[in-house]
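Some notes on the structure that comes next.
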Amino acid sequence: MDNARTAQAASIVPVPASKPREARLIVTDAEKLKVVDLSAFYRGKVALRNINLNIAANQVTAIIGPSGCGKSTLVRCLNRMHEVQSGNHAEGQVWLDGEDIYAPGVDPVQIRRRIGMVFQKATPFPTMSIEDNVTAGLRLNNRRMGRAERDRIVERSLRQAALWDEVKDKLRDPGISLSGGQQQRLCIARALAVEPEVLLMDEPCSALDPISTARIEELIVELKASYTIVLVTHNMQQAARASDYTAFLLNGDLIEFGETNQIFTNPSRRETEEYITGRFG
Amino acid sequence: MEASRKLSAPAQPQVAQEIVQPAAKPRRRLVPSFLGDRLFRSLTGFLALLVVLLLIGFAVVLCMQSRLSLARFGFSFFTGTNWDPVNEEFGALPFVYGTLVTSAIALLIAVPLSLGVALCMVEMLPQWIAGRIGFLVELLAAIPSVVYGLWGIFVLGPWLRDHVDPVLGRYLGFLPIFQGPHIAVSLLTAGVLLSIMIIPYITAVCTEVFRVVPQTQREAALALGATRWEMVRMAVIPYGYSGVVGAIILGLGRALGETIAVAMVIGNRAEIAASLFMPSSTLASVIANEFTEATGDLYLSALVELGLVLMLLAVLLNAAARALVLGVVGGQGEGR
Amino acid sequence: MRTAPRKERPYLYRKFKSNLMMGLTCAATLLTLLPLFLVLAYLVSKGFTSLNFAFFTHLPKPVGEPGGGMANAIVGTFELIGLASLIGVPIGIGAGLYLNEYGGAFSAPARFAADVLIGMPSIVVGIFAYAIIVRPMRSFSALAGGFALGIIMIPLVTRTTEEMVRLVPQELREAALALGVTRWRTTVSVVVRTAAAGIATGVILAIARVAGETAPLLFTAFSNRFWARGLREPIASLTVQVYTYAISPFADWQRQAWAGALVLTAIVLALELGVRWITRGRLKPLR
């Protein structure tokens with residue numbers, strides 16, 4: 001069984017044979033993203049050390065850890081957003097369906113269209129209306145849309161983000177007129193409108209009230225039918241509720257990775273146990 | 001069994017067909033994204049480079065255009081007192097003198113007033129009224145200098161001649177600078193007019209400098225039992241000292257370079273007059289007055305050299321002021 | 001009080017001194033604002049009485065003849081502003097964007113150069129424009145005047161653009177980049193669009209500043225008693241006209257100088273007050 005799975009994984013993602021594999025073998029689903037020996041640097045300082053991780057397709061993978069452990073950096077490395085800030089760079093490989101997004105000649109802009117991202121702070125574009133926000137990613141990529149297609153995309157994305165019913169009568173209002181939780185769902189809709197394959201969510205609920213948080217957690221679970229989701233959170237309950245797999249990071253190292261159930265009920269590493277039982281972090 | 005079911009899942013994620021449109025696949029771009037980025041970066045970078053080249057261009061052009069005069073007179077250009085276009089004899093000392101004297105008068109009046117206004121706005125007045133006063137002071141800088149000049153000719157100059165010159169002459173007449181006939185167009189008029197024009201600049205920078213003095217500094221002084229003025233002396237001014245010096249230098253730079261208002265009220269005489277009541281000229285005013293009439297290359301070249309001096313002074317003073325003010329105000333709104 | 005042998009000043013004295021000094025700062029404020037009101041008062045009283053319909057519609061009369069107006073100078077000022085904006089606005093905005101969005105090798109020198117250029121005496125800019133344009137073309141021209149004013153605008157627009165663009169939160173840029181938008185498109189469509197009001201304010205303030213410039217026009221645009229027939233001809237401007245009339249010995253010209261000064265100040269203050277009111281103190285002026 002194990003061998004078969006390894007073979008399957010290998011057929012999807014050609015990994016150099018010399019790399020150690022055990023850390024990656026836990027995932028039992030088809031992989032969408034495969035992180036191989038990824039290290040990230042922040043102004044010369046190491047933020048992540050040799051991360052190996054598989055992200056399962058159509059599942060929610062949570063990344064947890066105390067603040068400053070590199071979980072945001074990791075998720076930003078997955079669509080090459082890490083390097084956007086000057087002085088940052090990353091080394092290693094991240095395979096997306098058999099293509100290394102860090103290979104020379106790969107256009108990060110194309111990668112980001114396939115791997116969308118939602119940030120901690122809701123960031124609707126202040127000069128744009130709700131519907132313009134939703135279609136921003138498409139319009140700014142010079143996608144020509146007819147009125148009908150545009151309406152269809154707006155409705156579809158807002159429905160997916162569970163925001164349609166609340167805003168369908170005020171699509172022309174500015175995006176920043178919405179409440180915090182609505183703004184965050186608008187940002188999710190905006191990310192979904194470009195039809196990414198993977199959705200990265202960097203602490204999407206940390207600025208939200210409990211009701212909005214619950215709403216977004218439900219949404220995450222709904223969305224995994226269509227998207228592969230990576231969820232960074234400092235909230236362990238959230239990881240337990242919403243995710244299928246969990247990775248625990250500490251000081252830039254991947255300490256443990258496994259099915260969420262197992263991580264939370266029977267962690268194999270002492271650090272993980274101490275963290276999830278609240279002894280530090 | 002569970003695992004094998006998952007295994008049989010296709011490598012591509014099961015995109016829910018009913019919601020995701022078929023156009024989902026990444027489209028090929030006509031132009032790779034990095035090309036547009038590189039183009040845009042080069043374009044804006046070129047424009048930024050243009051700003052640098054502009055400054056260099058100023059230096060090169062002014063040096064080139066004044067080379068005749070530079071070669072002919074050398075340093076004696078600045079020691080010569082005779083400015084005689086007819087005989088092609090050019091000594092700039094009278095203009096240097098006029099510039100220094102008018103600027104000195106301007107600073108003498110503007111610095112205490114500006115400090116007063118800045119302290120009043122920061123330490124005395126509530127925010128909302130201070131904002132309004134700051135706005136009015138800024139308006140002082142918005143009025144075109146030719147309007148100040150006009151007002152100087154017809155209002156300020158005559159008023160100073162009739163009301164200030166006699167008083168100064170009566171009580172301070174033993175000083176040579178306050179002797180002689182009273183003339184409306186004079187060093188004094190130009191200096192006073194300049195002071196009005198540079199107050200907004202000095203005030204704006206001083207206000208900004210005083211505003212960044214940490215509240216804790218003030219509270220520490222007050223906690224020692226200081227009065228409000230002692231607090232200003234102990235905490236506010238020392239903390240912002242170099243910023244205030246920078247503001248003054250900035251004001252000086254403005255005063256040196258101000259042209260048209262000065263040209264209108266200074267009388268334009270190429271002489272070193274001991275009395276402040278007498279007409280004179282500044283570096284800038286003589287350029288404004290004589291440039292279009294300058295016949296002959298050497299004459300023009302000498303005038304350009306005056307401009308070169310002005311430019312060098314402006315660059316030096318601005319660089320110094322910038323360094324001093326940045327030292328206090330820090331990265332706020334400047335640099336990164 | 002007697003029991004304190006130290007040289008400590010009595011409290012009442014200190015209190016008095018403090019109140020005196022702080023009172024003096026208020027006096028300084030009033031004294032500083034006095035010229036503003038005086039200048040405006042004279043402008044209005046002398047300017048309004050000298051204004052008439054002919055001032056806006058007629059050309060200047062020959063030396064010494066009464067009557068006439070400044071129609072060509074008013075139009076000329078706007079023409080020069082237009083030319084200056086064509087040079088100053090694109091270069092300034094582009095350079096400002098570079099300074100904040102890319103910050104490459106010459107951003108520090110460019111920032112320094114812009115700061116120094118802001119403090120450059122405008123008469124020096126006039127000499128520069130004279131050497132670059134008037135001399136080769138062998139003629140004073142509107143082109144040279146617009147060039148000189150444009151050069152004055154460049155650093156002003158550069159620095160305000162940089163300042164305004166810096167206020168755009170980094171998150172917005174990242175949000176756009178994460179949507180797979182290219183960097184330059186992010187800059188143009190998100191950053192500039194978000195900062196557009198501030199950038200426009202900076203541009204208008206720069207225009208207000210150059211509209212009042214006289215010195216750089218004296219030997220670039222020069223002046224013209226008639227309508228300029230092209231950009232290669234000398235052109236009249238309000239500022240130069242006011243200057244010429246103000247220092248002339250003719251009462252009627254001096255009267256018109258006041259009228260011109262009033263119109264000029266009205267234009268400049270309308271621009272300044274307009275944008276200040278719109279932005280309500282969110283923008284520091286750069287001068």
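Checking the structure you have, find out if any residue of the range A:106-117 is out of contact with any Phe, Trp or Tyr (no Cβ under 6 Å at 6 or more places or on another chain), part of a loop (DSSP other than H, G, I, E, B) and open to solvent by less than 20 Å² (accessible area, probe 1.4 Å). Spell out how you get there, then give the answer.
First, the residues of the range A:106-117 that are out of contact with any Phe, Trp or Tyr (no Cβ under 6 Å at 6 or more places or on another chain): A:106-117.
With the extra rule that they be part of a loop (DSSP other than H, G, I, E, B), the set shrinks to A:106-107.
Restricting the remaining residues to those that are open to solvent by less than 20 Å² (accessible area, probe 1.4 Å) gives none.
No, the range A:106-117 contains no residue that is out of contact with any Phe, Trp or Tyr (no Cβ under 6 Å at 6 or more places or on another chain), part of a loop (DSSP other than H, G, I, E, B) and open to solvent by less than 20 Å² (accessible area, probe 1.4 Å).
Filtering the range A:233-253 down to residues that are touching a helix residue (DSSP H, G or I) at 6+ places or on another chain (Cβ under 7 Å) and among the charged types (D, E, K, R), which residue is farthest from A:THR73 (Cα to Cα)? Walk me through how you get there before you give the answer.
Of all residues in the range A:233-253, those touching a helix residue (DSSP H, G or I) at 6+ places or on another chain (Cβ under 7 Å) come to A:233, A:236, A:238-246, A:248-250.
From what's left, among the charged types (D, E, K, R): A:241, A:244.
On the way: A:ARG241: 23, A:ASP244: 21 Å.
Result: A:ARG241.
Could you say which residue among C:LEU33, C:LEU117, C:LEU80 is under 30 Å from C:SER248 (Cα atoms), open to solvent by less than 30 Å² (accessible area, probe 1.4 Å), under 16 Å from the mean Cα position of the chain (by Cα) and within 14 Å of another protein chain (Cβ to nearest Cβ)? Step through it out loud before you land on a result.
Numbers: C:LEU33 fails: under 16 Å from the mean Cα position of the chain (by Cα); C:LEU117 fails: under 30 Å from C:SER248 (Cα atoms).
Just a single option satisfies the conditions, and that option is C:LEU80.
Matching residues to (1) more than 21 Å from C:PRO169 (Cα to Cα); (2) not basic (Lys, Arg):
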position	(1), (2)
A:GLY146	yes, yes
A:GLU149	yes, yes
A:ARG156	yes, no
A:LYS168	yes, no
A:ARG172	yes, no
A:GLY180	no, yes
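For the range B:44-56: of the residues being farther than 15 Å from C:VAL89 by Cα and more than 7 Å from chain C (Cβ to nearest Cβ), which is surrounded by the most Cβ atoms within 10 Å (Cβ to Cβ)?
The selected residue is B:LEU53.
Of everything in the range B:61-86, what is more than 10 Å from chain C (Cβ to nearest Cβ) and free of Cβ contacts under 8 Å to residues at least 12 places away in the same chain? Give them in sequence order.
We begin by selecting, within the range B:61-86, every residue more than 10 Å from chain C (Cβ to nearest Cβ); these are B:63, B:67-86.
Passing the criteria: B:ALA71, B:GLY74, B:PHE75, B:ASN82, B:ASP84, B:VAL86.
Going through C:ARG209, C:ARG159, C:ARG185 one at a time, which residue ends up being over 17 Å from the mean Cα position of the chain (by Cα), within 11 Å of chain B (Cβ to nearest Cβ) and either buried (at least 21 other Cβ atoms within 10 Å of the Cβ) or closer than 30 Å to A:ALA193 by Cβ (or both)?
Details: C:ARG209 fails: over 17 Å from the mean Cα position of the chain (by Cα); C:ARG159 fails: over 17 Å from the mean Cα position of the chain (by Cα).
Result: C:ARG185 is the single residue among C:ARG209, C:ARG159, C:ARG185 that is over 17 Å from the mean Cα position of the chain (by Cα), within 11 Å of chain B (Cβ to nearest Cβ) and either buried (at least 21 other Cβ atoms within 10 Å of the Cβ) or closer than 30 Å to A:ALA193 by Cβ (or both).
State which residue pairs qualify: first residue closer than 15 Å to A:CYS69 by Cβ and inside the range A:250-278, second residue among the aromatic types (Phe, Trp, Tyr) and part of a helix (DSSP H, G or I) in any location, beta carbons under 8 Å apart, and separation of 6 or more residues or different chains.
Between residues of the range A:250-278 that are closer than 15 Å to A:CYS69 by Cβ and residues that are among the aromatic types (Phe, Trp, Tyr) and part of a helix (DSSP H, G or I), the close pairs are A:LEU250/A:TYR275; A:ILE276/A:PHE264.
Could we say that B:LEU115 is over 25 Å from C:ALA27 (Cα atoms) and among the aliphatic types (A, V, I, L, M) here? So that I can check it myself, show each step before the final result.
Values: over 25 Å from C:ALA27 (Cα atoms): no; among the aliphatic types (A, V, I, L, M): yes.
So B:LEU115 fails the test.
Would you check if there is a residue in the range B:143-162 being closer than 21 Å to C:LEU38 by Cβ, in the same structural domain as B:LEU100 (by TED's automatic domain parsing), charged (D, E, K, R) and crowded, with 21+ Cβ neighbours inside 10 Å? Lay out the reasoning, then the answer.
Residues of the range B:143-162 that are closer than 21 Å to C:LEU38 by Cβ, as a first pass: B:143-162.
The next check asks that each one be in the same structural domain as B:LEU100 (by TED's automatic domain parsing); those that pass are B:143-162.
Those left that are additionally charged (D, E, K, R): B:161-162.
When the remaining residues are screened for being crowded, with 21+ Cβ neighbours inside 10 Å, the result is none.
There is no residue in the range B:143-162 that is closer than 21 Å to C:LEU38 by Cβ, in the same structural domain as B:LEU100 (by TED's automatic domain parsing), charged (D, E, K, R) and crowded, with 21+ Cβ neighbours inside 10 Å.
Under the condition of being assigned to a loop (DSSP other than H, G, I, E, B) and open to solvent by 40 Å² or more (accessible area, probe 1.4 Å), which residue from the range B:210-224 is farthest from B:LEU326 (Cα to Cα)?
B:LEU224
For the range A:222-242, what are the residues that are open to solvent by 60 Å² or more (accessible area, probe 1.4 Å) and more than 14 Å from chain B (Cβ to nearest Cβ)? Reasoning before the result, please.
So the first thing to find is which residues in the range A:222-242 are open to solvent by 60 Å² or more (accessible area, probe 1.4 Å), and the list is A:222, A:225, A:234, A:237, A:241.
Matches in the range A:222-242: A:HIS234, A:GLN237, A:ARG241.
What number of residues in the range B:103-128 are facing chain C (nearest Cβ under 8 Å) and β-branched (Val, Ile, Thr)?
Restricting attention to the range B:103-128, the residues satisfying the condition of being facing chain C (nearest Cβ under 8 Å) are B:112-117, B:119-121, B:123-124.
Next, only the ones that are β-branched (Val, Ile, Thr) stay: B:117.
Number satisfying all stated conditions: 1.
For C:ALA251, are the conditions met, namely being within 30 Å of A:ASP132 (Cα to Cα) and surrounded by fewer than 22 Cβ atoms within 10 Å (Cβ to Cβ)?
Details: within 30 Å of A:ASP132 (Cα to Cα): no; surrounded by fewer than 22 Cβ atoms within 10 Å (Cβ to Cβ): yes.
Judged against the criteria, C:ALA251 is not a match.
Out of all the residues in the range C:244-280, which are among the charged types (D, E, K, R) and in a helix (DSSP H, G or I)?
Within the range C:244-280, the first condition is being among the charged types (D, E, K, R), and the residues that meet it are C:252, C:255, C:272, C:276, C:280.
Those that are among the charged types (D, E, K, R) and in a helix (DSSP H, G or I): C:ASP252, C:ARG255, C:GLU272, C:ARG276.
I'd like the full set of residues that are among the polar types (S, T, N, Q) and either surrounded by 24 or more Cβ atoms within 10 Å (Cβ to Cβ) or out of contact with any His (no Cβ under 8 Å at 6 or more places or on another chain) (or both), limited to the range A:34-72. It would help to see each step written out before you state the result.
Of the range A:34-72, the ones among the polar types (S, T, N, Q) are A:39, A:50, A:52, A:54, A:58-59, A:61, A:67, A:72.
Across the range A:34-72, the qualifying residues are A:SER39, A:ASN50, A:ASN52, A:ASN54, A:ASN58, A:GLN59, A:THR61, A:SER72.
In this structure, is A:ALA193 within 14 Å of chain B (Cβ to nearest Cβ) and open to solvent by less than 10 Å² (accessible area, probe 1.4 Å)?
Values: within 14 Å of chain B (Cβ to nearest Cβ): yes; open to solvent by less than 10 Å² (accessible area, probe 1.4 Å): yes.
For A:ALA193, the condition - within 14 Å of chain B (Cβ to nearest Cβ) and open to solvent by less than 10 Å² (accessible area, probe 1.4 Å) - is met.
Identify all residues within the range B:283-298 that are closer than 17 Å to B:ASN82 by Cβ and surrounded by 24 or more Cβ atoms within 10 Å (Cβ to Cβ); write none if there are none.
Correct list: B:LEU283, B:VAL286.
Could you count how many residues in the range A:243-260 are within 13 Å of the chain's Cα centre (by Cα) and either of a type in the set (Gly, Ala, Ser) or open to solvent by 40 Å² or more (accessible area, probe 1.4 Å) (or both)? Show your work before the answer.
Filtering the range A:243-260 for residues within 13 Å of the chain's Cα centre (by Cα) gives A:243, A:245-247.
When the remaining residues are screened for being either of a type in the set (Gly, Ala, Ser) or open to solvent by 40 Å² or more (accessible area, probe 1.4 Å) (or both), the result is A:243, A:247.
So the answer is 2.
Looking only at the range C:212-247, which residues are over 15 Å from C:ILE152 (Cβ atoms) and more than 11 Å from chain B (Cβ to nearest Cβ)?
C:ASN224, C:ARG225, C:PHE226, C:TRP227, C:ALA228, C:ARG229, C:GLY230, C:LEU231, C:ARG232, C:GLU233, C:ILE235, C:ALA236
Here's a check for you: in the range A:144-177, which residue that is open to solvent by less than 10 Å² (accessible area, probe 1.4 Å) and not β-branched (Val, Ile, Thr) is nearest to the other protein chains (Cβ to nearest Cβ)?
First, pick out the residues of the range A:144-177 that are open to solvent by less than 10 Å² (accessible area, probe 1.4 Å): A:153-154, A:157-158, A:161, A:163, A:167, A:175.
Okay, now just the ones that are also not β-branched (Val, Ile, Thr), so A:157-158, A:161, A:163, A:175.
Values: A:SER157: 9, A:LEU158: 12, A:ALA161: 12, A:LEU163: 15, A:GLY175: 11 Å.
Taking the candidates together, the pick is A:SER157.
Hey, among the residues in the range A:73-100 that are over 20 Å from A:LEU223 (Cα atoms) and of a type in the set (S, T, N, Q), which one's surrounded by the most Cβ atoms within 10 Å (Cβ to Cβ)?
Only one residue tops the list, namely A:THR73.
Name every residue in the range B:149-195 that is among the aromatic types (Phe, Trp, Tyr), out of contact with any Phe, Trp or Tyr (no Cβ under 8 Å at 6 or more places or on another chain) and more than 23 Å from C:ALA261 (Cα to Cα), in order of residue number.
Within the range B:149-195, B:TYR171, B:PHE174 meet the criteria.
What are the residues in the range A:122-138 that are open to solvent by 40 Å² or more (accessible area, probe 1.4 Å) and either hydroxyl-bearing (Ser, Thr, Tyr) or at pLDDT below 90 (or both), if any?
First, the residues of the range A:122-138 that are open to solvent by 40 Å² or more (accessible area, probe 1.4 Å): A:126-127.
Hit for the range A:122-138 is A:THR127, nothing else.
Answer with yes or no whether A:THR228 is under 30 Å from A:CYS187 (Cα atoms), in contact (Cβ under 8 Å) with a residue 24 or more places away in the chain and hydroxyl-bearing (Ser, Thr, Tyr).
Details: under 30 Å from A:CYS187 (Cα atoms): yes; in contact (Cβ under 8 Å) with a residue 24 or more places away in the chain: yes; hydroxyl-bearing (Ser, Thr, Tyr): yes.
Yes, satisfied.
Quick check on my filter: what residues within the range C:128-155 are in contact (Cβ under 8 Å) with a residue 60 or more places away in the chain and within 7 Å of chain B (Cβ to nearest Cβ)? Break it down stepwise before answering.
Initial filter on the range C:128-155 (in contact (Cβ under 8 Å) with a residue 60 or more places away in the chain): C:129-130, C:133-134, C:137, C:139-155.
Correct list: C:ILE151, C:ILE154, C:PRO155.
The values are calculated or read from the model by the stated rules, or taken from the named source; none is laboratory data. Everything numeric in this text was worked out from a predicted model, so none of it was measured. Every residue, glycine among them, receives a Cβ derived from its backbone with ideal geometry; neighbour counts consider all protein chains shown. All accessible areas refer to the heavy atoms of the entire protein, side chains included, with ligands and DNA or RNA removed. Shrake-Rupley method; radii C 1.70, N 1.55, O 1.52, S 1.80 Å.
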